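A.B. asks: Quick one: structure below, then a few questions.
Bear in mind that the values in this text are calculations on the coordinates, not laboratory data. Small disclaimer: the values here were computed from a predicted structure and weren't measured. Cβ placement follows ideal geometry from the backbone for every residue including glycine, while neighbour counts extend to all protein chains displayed.
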Amino acid sequence: MTRVVIITGISSGMGRASALYFKKQVFEVYGGARRVNKLVELNEAGIHTQVLDVTDKISIRSLVDRAISEQGQIDVLINNAGYGDMVLWNKCLLLMLRNNLKLIFLR
């Protein structure tokens, strides 16, 4: 039986390492990231890649729908992608803080 994993933020770091690890464990790996140029090698390794913006519900839905359409299931989700702003804490706008918390806890 095929096992399927979706991993966000696979363009570098832990997301990339996780995608390669799960592929070696014979998972069907679906993943995405904003930096398309960083996905070429992963695609060549047999990982199903696509552009993904975790702040965009349509982008998220597209990846999930693709995995389910092609594999019929999702067994594991690794939400590795993140969002951040570079500002001094005391200068942080309420909207920026809300967006960060919303992404982390409500998606």
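A.B. asks: Enumerate the pairs (first residue in the stretch 9-38 and more than 23 Å from Gln73 (Cβ to Cβ); second residue anywhere and of a type outside the set (S, T, N, Q) and not in a helix (DSSP H, G or I)) with beta-carbon separation below 6 Å, excluding pairs fewer than 6 apart on the same chain, so at least 6 apart or on different chains.
C.D. replies: Note: pairs meeting the criteria are Ser11/Ala33; Ser11/Arg35; Arg16/Ile10; Arg34/Asp53; Val36/Val51.
A.B. asks: Follow-up question, since we're still on this one. Taking the stretch 26-49, which residues are within 11 Å of Thr8 (Cα to Cα) and touching a helix residue (DSSP H, G or I) at 6+ places or on another chain (Cβ under 6 Å)? Lay out the reasoning, then the answer.
C.D. replies: The first filter runs over the stretch 26-49 and keeps only residues within 11 Å of Thr8 (Cα to Cα), leaving 29-34, 49.
Passing the criteria: Val29, Tyr30, Gly31, Gly32, Thr49.
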